[in-house]
Every structure is written in C-alpha cells, then in structure tokens.
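Only one structure is covered here, and it is reproduced in the block below.
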C-alpha cells in the first residue's frame, strides 16, 4: 500500500488538546464538524488548506494527553493520509490503528513543510519526491496493516470475527 501527499510539519509534544481544541468540546458528538478544527491551535490554516491524503509530519511524543479516540478519528475524518513522527504517545498510537489512521515512527528531521511524499506501508520506506531522499521505517506488523486496510478495528472485526486478527 503506497500513500501519496504533501507534508504538513509540526513540532514536538503535539497534544490531543492541540489536535482537538477544548473550546470545541461541544462538537464531540459531531466528529465531522470537529474535524474542521483539527490541529487549529498548532496551525490555524491546516484544516482548511490540507488536501485529502496529505501527511502530518511531527517530532517527538505526538498525541500526548487524553486517551480519547476523538483526536486520531478527526485527523482521519479531515482526510490526512497518515501521521509520521519521531515518536508517539502509546495510547494515541494504538487508538490511531484502531480507527484506521496509519501512524509511522521514523526520522522526520529531513522532511520540510510542503514536501511531496510517497509512503510505502509494506516496504517501510518514505520517499521524499521533492528532495529525492528516502527514509526507512520499521514496517507495521501485518495484522496492523490489515486493520488499516479494513478501515479500522471495528470493520476488521465485522469482516473476520472478534478473535481472528490474521
């Protein structure tokens, strides 16, 4: 599975409060509307200017904070193709896989705002087509790739049953 899009660069310690600003708490039951405000506090232009398939590219500890699934869910609803970061908060990482949002740990220091990227989920390589450089990452386990391909854990369970993760 190869994903293509443009990089939107963010720094370290992007919290779930940056992703889903608290002032929009009243929208938690209307996630498509909440997605219109995704990462608004970190970059006010992101939600309105990103294109479907674009990538969030960040530093360390992306997704720290609350364990609610709202944050990765609205990133996915906004149309992001994946989140690439040097590291993730563990609960955010797993919630992302569960909602069908690819999250990949790799060295993001060579990726600039606006770079065009191709992400090969199976091969474990990010190709920066703007610079010609490639960066390897540890591919996700096959079961996680399958969950992502199925659209998240709920759809995966509907397809294969509760205990068949293969």
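The values are calculated or read from the model by the stated rules, or taken from the named source; none is laboratory data. Not measured: the values here are computed from a predicted model. Glycine also receives a Cβ, built like all others from the backbone with ideal geometry; neighbour counts cover every protein chain displayed.
Need pairs with beta-carbon distance below 6 Å; first residue on the phi > 0 side of the Ramachandran plot and within the stretch 65-77, second not in a loop (DSSP other than H, G, I, E, B); sequence gap 6+ or separate chains. Filtered contacts from the stretch 65-77: 65/15; 65/16; 65/17.
If I ask for residues that are under 21 Å from residue 142 (Cα atoms) and in contact with a helix residue (DSSP H, G or I) (Cβ under 9 Å, 6 or more places away or on another chain), which ones from the stretch 70-81 would you list? Those that are under 21 Å from residue 142 (Cα atoms) and in contact with a helix residue (DSSP H, G or I) (Cβ under 9 Å, 6 or more places away or on another chain): 72, 76. For the stretch 64-74, the criterion of a residue being buried (at least 21 other Cβ atoms within 10 Å of the Cβ) and in a loop (DSSP other than H, G, I, E, B) is satisfied by no position. Which of the residues belonging to the stretch 147-157 are farther than 19 Å from residue 122 by Cα and at pLDDT 90 or above? Correct list: 154, 155. The set of residues in the stretch 80-99 that are under 11 Å from the mean Cα position of the chain (by Cα) and either under 21 Å from residue 127 (Cβ atoms) or in contact (Cβ under 8 Å) with a residue 60 or more places away in the chain (or both) comprises 80, 81, 82, 83, 84, 85, 92. Considered as a group, the residues in the stretch 32-46 that are touching a helix residue (DSSP H, G or I) at 6+ places or on another chain (Cβ under 7 Å) and surrounded by 18 or more Cβ atoms within 10 Å (Cβ to Cβ) include one that is farthest from residue 9 (Cα to Cα), and that residue is 34. Only a single criterion out of (1) crowded, with 22+ Cβ neighbours inside 10 Å; (2) at pLDDT below 95; (3) in contact with a strand residue (DSSP E or B) (Cβ under 8 Å, 6 or more places away or on another chain) is not satisfied by residue 96, namely (2).
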